[in-house]
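A quick write-up on the structure given underneath.
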């Protein structure tokens, strides 16, 4: 497996504490809190090759529509298919774990990932005025033309200004926030379809990753997940419920859950109190890596039950699609 990495400073999306139980820190715009000492992270780039073979932004299709000639709701293509993973700091920490899962499947050709900490949907759009955390060559449309993936997995927590400048002026949690978010989902879907058509390749099937519970503002993430569901239905794409194994019995955020069979039988996973799996560190209610996030952001190197559960939901959805 061949891997390339690079790093350059960008803004972080690390939530560090809740006022009760996590200490006092400053308010973040993505619905949590953030320690100013860990705001700066940089993109990490991981390329793998399997040994076993609303108004859209400029250049986008009409909102909610697949471009002519796109795969839309068509039957799954023949496998193996290449998979591309884009997203924010959750994708950055999960990229190696997801890659290892997907590469065990004979249905996946190659797997590549281009996450950037702190980003949101508009960062991967081409033609959006203002500064973006994602360079032009790593925009979603540019990567579709370059790599011609059969599946593109998109994972976004829903960051706003304070992390990504392309959301400047959009206040977190307002009606304008959700309207802008929905418009950006439509625009990104349209640009992916247009890029595939321009490259004369099949339009990749999009997998929108629905997010796990928000410890501080559960209503926000519920509304964001509803937008993913609406967009997937409108364009014939797919949903992966990233939070399906990360909620408590009431569907809410939790730091610990009873160990599943895999965790019970695998060293290092069932380490929480009372034979439970720890999903989050005490100082970070958002991320799943149980090691502190290094400056610059990197794939997680610690045994982390939350990442195993999160990526399993994504890999299962990709595999089910490729199996038809």
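How many percent of the alpha carbon pairs in the stretch 240-324 exceed a separation of 20 Å?
36 percent
Pulled fully out, how much extra length does the chain show between residue 174 and residue 226, if you take 0.36 nm times their separation in residues and subtract their Cα-Cα distance? Spell out each step's value before the answer.
Details: separation 52, 0.36 × 52 = 18.72 nm, distance 1.53 nm.
Computed gain between residue 174 and residue 226 is 17.2 nm.
Kindly put 222, 123, 214, 184 in sequence by how many other C-beta atoms sit within 10 Å of each C-beta, fewest to most. Walk me through the numbers before you get to the answer.
Numbers: 222 14, 123 29, 214 23, 184 26.
In increasing order of surrounding Cβ atoms, one gets 222, 214, 184, 123.
Over the stretch 158-300, what lengths in whole Å, largest first, do the semi-axes of the equivalent ellipsoid take, defined as the square roots of 5 times the eigenvalues of the alpha-carbon gyration tensor?
Details: eigenvalues 200, 76, 52 Å².
The answer is 32, 20, 16 Å, longest axis first.
Compute the FRET efficiency between residue 323 and residue 282 as 1/(1 + (r/R0)^6), taking r as their Cβ-Cβ distance and R0 = 41 Å, and round to the nearest 0.05. Walk me through the numbers before you get to the answer.
Working: r = 40 Å, r/R0 = 0.97.
Step by step, r from the Cβ atoms, then E = 0.55.
Could you list 217, 287, 280 in order of exposure, starting from the residue whose Cβ has the fewest other Cβ atoms within 10 Å?
Working: 217 15, 287 26, 280 22.
Ascending number of Cβ neighbours within 10 Å: 217, 280, 287.
Within the stretch 197-227, list the residues whose amide N lies under 19 Å from a label point set 7 Å along Cα→Cβ of residue 250.
Once the point is set 7 Å along Cα→Cβ of residue 250, 212-223 turn out to lie under 19 Å by backbone N, inside the stretch 197-227.
Coordinate-derived values only; no laboratory data. Being a predicted model, the structure only gives us computed values, none of them experimental. Every residue, glycine among them, receives a Cβ derived from its backbone with ideal geometry; neighbour counts consider all protein chains shown.
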